[in-house]
Ligand code: BTN
């Protein structure tokens, strides 16, 4: 992707002058460009997620937001091989997966990452809502065009879980674990979830594109998590504190780690996935696909392995062994 040098120069001036308003005229004069070119740059910077205040007769000011997201901030932290990936940042969206799906439908066949600071209709698995308030999390979706069938592509969920764990270790001080199939836990609390959506062609059933959505709770919500999830949900910085540039760094590290695995041999990732998983040896309740009702239709089993296709192998009380590919399990606590 081509660099926009005018936009970068406008941003540099705004950063140097963040304690005052600077007029479009002054920026134009300093850069030897027109005021309309300044305005266009301001517009694209805002689309990149930068918060720029504008007051008539005064000018522009870059709002210094602690731990805000911006595509420039993310790009600055991306590994060299990922610098050409399209990054789209938003303050508030309904769901980053929706925007990534729109990108996939365009059929450009170029990877794209959509990042938001807030979602008003964040989706979780099995039709559940994913609580995504501003100032709490990092919500992002990757749109990919893997050259494989939908079945093999399911392994990308495991690749994502591993990439998120690596990124959290790299950018924070925590050591998270994976709960099959794609929840990330820390201190016995779910701090992140992954939602994978695949779109296949009706003509030949081939995979058209894939969207992988990742939601991470970085900070506890100001009023706490809602009742429905407060017993299970947690955050990376549950003990408080807000880290400057955390979201940009974490998003970049997730993309860099994911792409490093994705562009090489992702079938090799399963050993790392197993090492990070905490279910093996635990007694679990297996919830049949499509429902999560702890009182009915569930069965007790022991989680005994994760196979090479990332299925959870469980042994029921009657000795029957099954490799679960979908559905959900919850850990029995004694
Ligand atoms: C789950 O735990 O059930 C999966 C949660 C996935 C949430 C992420 S947040 C970014 C992306 N956009 C969505 O609407 N959902 C995913």
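Read-outs: derived from the displayed coordinates by stated rules, not from any lab. No experiment lies behind these values; they were computed from the predicted model shown. When we count neighbours, we look across all protein chains shown, and the Cβ atoms used for this are built from the backbone with ideal geometry, even at glycine.
The C-alpha atoms of the chain define a longest principal axis, and helix 246-262 lies at about 60 degrees to it.
Looking only at 258, 145, 32, which one moves most when the chain is put into a Gaussian network model with springs between Cα atoms under 10 Å? Sorting by GNM fluctuation, first place goes to 32. The relative contact order of segment 189-280 comes to 22 percent, based on Cα pairs under 8 Å that sit 6 or more residues apart.
Subtracting the Cα-Cα distance of residue 227 and residue 53 from their residue separation scaled by 0.36 nm leaves 59.0 nm.
Using alpha-carbon pairs under 8 Å, 6+ residues apart, how would you state the relative contact order of segment 74-153 in percent? Spell out each step's value before the answer.
Values: 127 pairs, mean separation 24.1, N = 80.
The value is 30 percent.
Taking 0.36 nm per residue of separation and subtracting the Cα-Cα distance, full extension of the segment from residue 244 to residue 326 would add 25.7 nm. Within the listed set 49, 281, 127, the Gaussian network model of the chain (springs between alpha-carbon atoms below 10 Å) gives the highest mean-square fluctuation for 127.
With n ≥ 4 as the cut-off for DSSP H runs, can you work out [θ] at 222 nm for the chain, using -39500 (n - 2.57) per run divided by the number of residues, rounded to the nearest 500? Kindly include the intermediate steps, with their values, before the conclusion.
Details: 9 runs with 96 residues, N = 334.
When only DSSP H runs of four or more count, the value is -8500 deg cm²/dmol.
What percent antiparallel are the DSSP beta bridges of segment 29-140, to the nearest 5? Approximately 50 percent, going by the DSSP bridge assignments. Could you tell me how many degrees, from 0 to 90 and to the nearest 10, lie between the Cα long axis of helix 96-106 and the main elongation axis, the longest principal axis, of the Cα atoms of the chain? In the chain, helix 96-106 runs at an angle near 80 degrees to the longest axis.
Quick check: convex hull of the Cα atoms in the chain, volume per residue, rounded to a whole Å³? Walk me through the numbers on the way to the answer.
Numbers: hull volume 51.6 nm³, N = 334.
Cα-based convex hull of the chain, divided per residue, equals 154 Å³.
Considering only alpha-carbon pairs that sit under 8 angstrom and 6 or more positions apart, the relative contact order computed for the chain is 14 percent.
Considering only the chain, what is the antiparallel percent among its DSSP beta bridges, to the nearest 5?
Working: 52 of 62 bridges.
Around 85 percent antiparallel, to the nearest 5.
Who wins for biggest fluctuation among 164, 93, 63 in a Gaussian network model of the chain, springs between alpha carbons below 10 Å? Top of the fluctuation ranking is 63. For segment 55-78 versus segment 200-247, the inter-centroid distance based on Cα atoms is 23 Å.
Can you tell me the length gained on complete extension of the stretch residue 278 to residue 308, counting 0.36 nm per residue apart and subtracting the Cα distance? The partial results should precede the final answer.
Values: separation 30, 0.36 × 30 = 10.80 nm, distance 1.67 nm.
Additional length available on full extension: 9.1 nm.
Label-to-label distance, residue 80 versus residue 188, with points set 7 angstrom from Cα along the beta-carbon direction: 4.6 nm. Projected onto its three principal axes, the C-alpha set of segment 1-125 covers 49, 30, 25 Å, listed from the longest axis down. Could you work out how far helix 5-16 tilts from the main Cα principal axis of the chain, as a 0 to 90 degree angle to the nearest 10? Relative to the chain, helix 5-16 is tipped by roughly 80 degrees.
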